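The values are calculated or read from the model by the stated rules, or taken from the named source; none is laboratory data. Given the structure is predicted, the values throughout are model-derived calculations rather than measurements. In this analysis, Cβ positions are derived from the backbone assuming ideal geometry, glycine residues included, and neighbour counts consider all displayed protein chains. Only protein heavy atoms, including side chains, enter the accessible area calculation; ligands, DNA and RNA are left aside. Shrake-Rupley method; radii C 1.70, N 1.55, O 1.52, S 1.80 Å.
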Amino acid sequence: MATIRCDLLLLWFISCCVISAPMVFSDLVISKVDRRIDLTSQIVRSFTTLKVENDGANSVSEILLPLPDHQAKNLAFLIAIVTEEKGKSKSYSDVLSVKVSNPDGMPPSLTWYSVSLPKELGKGERLSLEIRAAFTHALRPFPEKISQADAQLVLFQDSAYYLSPYAVKGQSLTIKLPQPVRVESYTKLENTKLTESELKYGPYENLPAFSYRPIMAHFMSNGPFAVAQELVREIEVSHWGSVQITEHYNLIHAGAQSTGEFSRLDYQARPHLRGASAFRHCIARLPPRAHSVYYRDEIGNISTSSLWGDATKTILEIEPRYPMFGGWRTAFTIGYGLPLHDFLFQSQGKRFLNISFGSPINDLVIENLIVKVVLPEGSKDISVSTPFPVKESQEVKFSHLDLVGRPVVVLEKPNVVPEHNQYFQVYYRFGNLSLFREPLMLISGFFFFFVACIIYMRSDLTISKSSPSYLAKLQWDEVQSVVQQVQGIINECLAIHDKMETSLRDLSRTGEVQPCKAVRKAADSSLKELSKDLKPLLSFLQSSGQAAHILPKVDELIGKEKELQEKLLLKHSTVVESFERKSGGKDADSRVATLQQKITALRQEVDDLLELLDEI
């Protein structure tokens, strides 16, 4: 209630200021004002028809339109159109230029706009105008916080009289309310009437300049108060047949904030009662022949959306993952492709893109809209034509197969409404040969790749056979081969040792000496032959400079194997002799126990040296 009182005091102050203002524009008289205000959505749309007469002696070239500052700060769109009435029909002709003005000696708390006439209005001449305006955040939720089950009530404030610096002979005001109509309260003046869906004030006659009469309406409005705090719209042009559009939304429900707990069960059971103030979907009207449409968020694709269309339109129903109550937020991305020939044209040696500026979503308020037009690499002499003022800049975007990057035209505008969804043009020059730059790069890349493969396969890249490094490599390869042969001979010796150990175990089990002696005889012969094979290999290693660092380990390995061989032969002789004397296995075990410990230790050392040589 404190907020409402402050607003009423502000309106009372403005009315006092404007009433006391001098009538400095007495040459012009407004014979009739017909105002219509549409409150059926979150965007307040005003349609004002003015019939202006020049009663003065001097010609007039402009008409001034004042707005209170609290309304001007919410003004998103303003346009003036010359109208002609023929019977009951009305036709529109010229769209007039509207710009901010600062006339001298005017009352405070007013923002002025100047409408430039197509030609000067002479004495006694008349002109009909239609002023169309759109305001955002003009409907204030009251109360500001509601529960899930409450309906949303909003407050609208304006003046029953048309605020003008000119005298007004007759005027009326019609306010259209949203369905279903539920009006909590409204300002009652003379000639006030509330019908099924409209609130009418007037007619009022012979009002002086700067007349102002504050009014207020408090009513139910459960329509979606969808506000995009930021929308980044990227339009990428490809001369290979398509225009790709990607839109990143950061959306909030700007209505009365939802308080308390949210019950999805209640919402699913009675959505019109337990979620009247929420909205479940947005409708986006895409251009005809839109294709490859997708809708996703940070999690991934959202499958709850629907898409249908015909030759004249494409409709995308966007449904978030959860119902949007007041104060709730969501972020998502939609993208789609468009045929290039529908939007890219040529004129006077230039190409130009002709495409819409705003969002395709119905009745969406955009607090900050950024439109990025990505042109093909090599575009130059870039210029932009927009039907309204925007902040313009340029940047560069790198994509696949780009060398210098693609030029990007960045257009930024705050407080955007569906009325801004008009066509704008981006002009640029682009050479036809530049169109084949990327295909030629791909062809050249593959060509040089295959040429390089052919050269590689047919070239001898080996090191020269007379170079020191090549000779050193050959010598090292020979050393490695000899060492591997030494390791093979040692492994054969170890295999013979294992056979002798096996014969001893068979002797202990059967007591037959002759088989054991036969194994010993064969082992002696084999070990002698292996010892002969080992000598030339060892001589080569001793004479090779490349084997200097590995020769000590080879010598140690051969020495350990010989020592192991001696101990094993001694063990074998001792056991066989014990059995021949028939002194028994226990006597043999006691005599060879010490030898067995040394044999085990030597065998481990030989195995370790073999592993070390493998690593080298």
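In a shell of Cβ-Cβ distance under 15 Å around Leu117, excluding Leu117 itself, what net charge do Lys and Arg (+1) and Asp and Glu (-1) give?
Around Leu117, the charge tally is -3.
Hey, got the dipole for the chain? About the Cα centre, +1 on K and R Cβ, -1 on D and E Cβ, debye to the nearest 20?
The calculated dipole for the chain is roughly 960 debye.
How far apart, in nm, are the 7 Å Cα→Cβ label points at His239 and Lys99?
Spacing of the two 7 Å Cα→Cβ label points: 3.7 nm.
Can you tell me what share of the DSSP beta bridges in the chain is antiparallel? A percent to the nearest 5 is fine.
90 percent
With Cβ to Cβ distances under 12 Å as the rule, what net charge do the other residues near Tyr428 carry (K, R +1; D, E -1)?
Combined, the nearby Lys, Arg, Asp and Glu give +3.
Counting only protein heavy atoms, what percent of the accessible surface of the chain is carbon or sulfur at a 1.4 Å probe?
Carbon plus sulfur share of accessible area: 53 percent.
Kindly give Rg over Rh for the range 33-99, based on alpha-carbon atoms, with the Kirkwood expression for the hydrodynamic radius.
With Rh from the inverse mean 1/r over Cα pairs, Rg/Rh is 0.99.
Figure the gain on full extension for Asp38 and Tyr92 (residue separation times 0.36 nm, minus the Cα-Cα span) and round it to one decimal in nm.
17.4 nm
Rg (Å, one decimal) plus Dmax (Å, integer) for the alpha carbons of the chain?
Rg and Dmax of the chain, Cα atoms, are 48.8, 158 Å.
In what sequence, largest accessible area first, do Tyr186, Tyr161, Tyr267 appear using a 1.4 Å probe?
Tyr186, Tyr161, Tyr267
If I ignore ligands, DNA and RNA and count only protein heavy atoms, how much of Arg270 is accessible to a 1.4 Å probe, in Å² to the nearest 10?
In the full protein context, Arg270 sits at about 110 Å².
Using a 1.4 angstrom probe, figure out how much accessible area the range 262-400 has per residue, in square angstrom, rounded to the nearest whole.
Computed with neighbouring chains in place, this is 51 Å² per residue.
Using the heavy atoms of the protein chains alone and a 1.4 angstrom probe, what is the accessible area of the range 99-209 per residue in square angstrom?
The answer is 49 Å² per residue.
Run the quick spin-label model on Asn421 and Phe446: label points 7 Å from Cα toward the beta carbon, then report their separation in nm to one decimal.
In this crude label model, Asn421 to Phe446 measures out at 4.3 nm.
If you take the beta carbon distance between Met216 and Ile370 as r and set R0 to 22 Å, what does 1/(1 + (r/R0)^6) give as a FRET efficiency, to the nearest 0.05?
0.05
What percent does the relative contact order of the range 264-378 come to when contacts are Cα pairs within less than 8 Å and at least six residues apart?
Relative CO of the range 264-378 lands at 27 percent.
Using the Kirkwood formula over every pair of different C-alpha atoms, what hydrodynamic radius in Å results for the range 140-242?
After inverting the pairwise mean of 1/r, the radius is 16.9 Å.
Take every Cα pair under 8 Å in the chain that's 6+ residues apart, average their separations, divide by the length, and report that relative contact order as a whole percent.
Dividing the mean separation by the residue count of the chain yields 10 percent.
Counting pairs on different chains as well as pairs 8 or more places apart, how many Lys pairs in the range 44-140 have Cα atoms under 28 Å apart?
17
Given 25 °C and 0.890 mPa s, how large is the Stokes-Einstein diffusion coefficient of the range 301-436 in µm²/s, with Rh as the Kirkwood radius over Cα pairs?
The diffusion coefficient I find is 141 µm²/s.
Loop-only check: which chymotrypsin sites (Phe, Trp or Tyr not before Pro) in the range 411-440 are DSSP coil with at most 10 other Cβ within 10 angstrom?
When the chymotrypsin sites (Phe, Trp or Tyr not before Pro) of the range 411-440 are filtered for loop state and at most 10 Cβ neighbours within 10 Å, nothing remains.
Which sequence of His137, His218, His272 reflects their accessible areas, 1.4 Å probe, from the largest down?
His272, His137, His218
Sort Val183, Val513 from largest to smallest accessible area, using a 1.4 Å probe on the heavy atoms of the protein chains.
If we order Val183, Val513 from most to least accessible, we get Val183, Val513.
Give the accessible area for Trp112 in Å² (nearest 10); use a 1.4 Å probe, count only protein heavy atoms, and leave out ligands, DNA and RNA.
10 Å²
To make sure I understand the rule: partners must be lysines, Cα under 25 Å from the Cα of Lys499, and not fewer than 8 residues away in the same chain. Which ones qualify?
Partners found: Lys517, Lys521, Lys528, Lys532, Lys535, Lys560, Lys562, Lys567, Lys571, Lys582, Lys586, Lys598.
Heads up, I need the accessible area for Met106: 1.4 angstrom probe, whole protein in place, Å², nearest 10.
Met106 exposes around 40 Å² with every protein chain in place.
Can you give me the accessible area per residue for the range 33-97, using a 1.4 Å probe, in Å²?
Value for the range 33-97: 44 Å² per residue.
I need the semi-axes of the equivalent ellipsoid of the range 500-612: take the C-alpha gyration tensor, multiply each eigenvalue by 5, square-root it, list largest first in whole angstrom.
34, 16, 9
Could you work out the local net charge near Ser393, counting Lys and Arg as +1, Asp and Glu as -1, over the other residues with Cβ closer than 12 Å to its Cβ?
With Lys, Arg at +1 and Asp, Glu at -1, the net is -1.
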